[in-house]
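Student: Okay, handing you the structure first.
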Amino acid sequence: MEKQLISILNNDKAMYRYLLLDGLASVSELDLVNLNNLKNILGNDAITVVERPDLTHELFSCPQLVVLARPNDDIDSRITKFSLIQANSERLFSKRYVCGWMTSELPPEIVAKHIVRIAQSISEMCSMRFTAFYEPLRMQLLHDGNKICDEWLAATLNIFNSYCYLSVNSTLRHITRLKRLPEPIDIFISEDAKFYQQESKALFHLYNGWVECSASPLDDFALLRVARLYREAWEQRLTNMEDKYIFSLLSLKYGDLMKNPLMAQAVNEARIAPGSLPARMKAIEQRHFMALK
């Protein structure tokens, strides 16, 4: 994975190579990718603040765009390696320090402004205050959750020739620039993808819960399965968070709960009595769940 990332960055040697860090997360001051250590190695001019409109009163909390290498310069492979190690160690954290690696012809001050504009554009589409699309979990939900129009994300990130991030399953994901931009009318973000952004915090906790109770390692598309079943819980008009969690986790484990009359009845009754679904499902004999498999 390290060789793959370095190869991607080196393939765009004529461009700026970037590392994006989230100021809302933190790492030890002894860590090589701690912002102060990066300033000492690369210089202060290698760091550009991405001024989130909601965090301009505390710029240290804003994302930090780090120039790993300027056009035709060699990247620091040690920094790249340790940023990847850090990204892997925090992949199941609620706040991740290392957001991704990218390449672009544009200088850092322009890229920083574009990142804010992209976030504002997605926020407007999703009816949210500020969508930190660069957070790896959100990026993965956008990447996997909008397959109905796969070109939308690449077109949205068109200022980058390459955009890489680490998935929750430790896979290096690579988004490349489209050779030809489609017409705006031909690309869109789906209602499902918007929902996943609005509910990303709940999906994070639900995914971690599934990791903890899963008997075998999850594949790279487990997050999308979790997101789809959580949306199904919402479509079943469940309003209580615990109800939606138990519906999603049991669906992941056993299959379509609504095929069983007892489980369907439990869901219907939980709509009237929010918060009661865990107890109602617990009262159903195990053989009914096993019959769903």
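The values are calculated or read from the model by the stated rules, or taken from the named source; none is laboratory data. Note that the structure is a prediction, hence the values are computed from the model and not measured. For neighbour counting, all protein chains shown are included, and Cβ atoms are generated from backbone atoms with ideal geometry for every residue, glycine included.
Student: Determine whether region 164-184 contains at least one residue that is under 30 Å from Thr80 (Cβ atoms), surrounded by 21 or more Cβ atoms within 10 Å (Cβ to Cβ), among the aromatic types (Phe, Trp, Tyr) and in contact with a strand residue (DSSP E or B) (Cβ under 6 Å, 6 or more places away or on another chain).
Tutor: Yes: one or more hits.
Student: Another question about this same structure. Do the conditions hold for Ser77, that is, is it in contact (Cβ under 8 Å) with a residue 12 or more places away in the chain and closer than 30 Å to Val211 by Cα?
Tutor: Here the answer is no, as Ser77 does not meet what is asked.
Student: Identify the residue in region 264-277 that is under 32 Å from the mean Cα position of the chain (by Cα) and surrounded by 18 or more Cβ atoms within 10 Å (Cβ to Cβ) and, among all such residues, is farthest from Ala215 (Cα to Cα).
Tutor: Ala270
To keep it simple, each residue is scored yes or no on (1) in contact with a strand residue (DSSP E or B) (Cβ under 6 Å, 6 or more places away or on another chain); (2) at pLDDT 95 or above; (3) surrounded by 13 or more Cβ atoms within 10 Å (Cβ to Cβ).
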site	(1), (2), (3)
Tyr16	yes, yes, yes
Asp22	yes, yes, yes
Leu30	no, no, no
Val33	no, yes, yes
Ala46	yes, yes, yes
Arg52	no, no, yes
Leu55	no, no, yes
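Student: Val66: over 27 Å from Val211 (Cβ atoms), crowded, with 21+ Cβ neighbours inside 10 Å and either in contact (Cβ under 8 Å) with a residue 24 or more places away in the chain or touching a Phe, Trp or Tyr at 6+ places or on another chain (Cβ under 9 Å) (or both), yes or no?
Tutor: yes
Student: Considering only residues that are among the polar types (S, T, N, Q) and assigned to a loop (DSSP other than H, G, I, E, B), look in region 195-222 and name the one that is modelled with the highest pLDDT.
Tutor: So, considering only residues that are among the polar types (S, T, N, Q) and assigned to a loop (DSSP other than H, G, I, E, B), the one modelled with the highest pLDDT is Ser214.
Student: Pick out, from region 223-293, the helices (runs of 4 or more DSSP H) lying fully within it that include 1 or more residues that are at pLDDT 95 or above.
Tutor: 241-254, 261-272, 277-282
Student: If I ask for residues that are in a loop (DSSP other than H, G, I, E, B) and among the hydrophobic types (A, V, I, L, M, F, W, C), which ones from region 160-194 would you list?
Tutor: Once the filter is applied, which keeps residues that are in a loop (DSSP other than H, G, I, E, B) and among the hydrophobic types (A, V, I, L, M, F, W, C), region 160-194 yields Phe160, Val168, Leu178, Leu181, Ile187, Phe188, Ile189.
Student: Just to be sure, is Leu157 surrounded by 21 or more Cβ atoms within 10 Å (Cβ to Cβ), under 24 Å from Leu106 (Cα atoms) and at pLDDT 95 or above?
Tutor: Yes; evaluated as a whole, the condition is true for this residue.
Student: Continuing with the same structure: Have a look at Ser170, Ser162 and point out the one that is among the small types (Gly, Ala, Ser), within 24 Å of Gln4 (Cβ to Cβ) and more than 15 Å from the chain's Cα centre (by Cα).
Tutor: The conditions single out Ser162.
Student: Filter region 248-262 down to residues that are under 13 Å from Ala233 (Cβ atoms) and in contact with a Phe, Trp or Tyr (Cβ under 8 Å, 6 or more places away or on another chain) and give me whichever is surrounded by the most Cβ atoms within 10 Å (Cβ to Cβ).
Tutor: Ser248
Student: In addition: Restricting attention to region 120-159, report how many residues are in contact (Cβ under 8 Å) with a residue 60 or more places away in the chain, out of contact with any Asp or Glu (no Cβ under 8 Å at 6 or more places or on another chain) and part of a helix (DSSP H, G or I).
Tutor: Qualifying residue count, region 120-159: 9.
Student: While we're here: From the list Val116, Val111, exactly one residue is closer than 24 Å to Tyr16 by Cβ and in contact with a Ser or Thr (Cβ under 6 Å, 6 or more places away or on another chain). Which is it?
Tutor: Answer to the selection: Val111.
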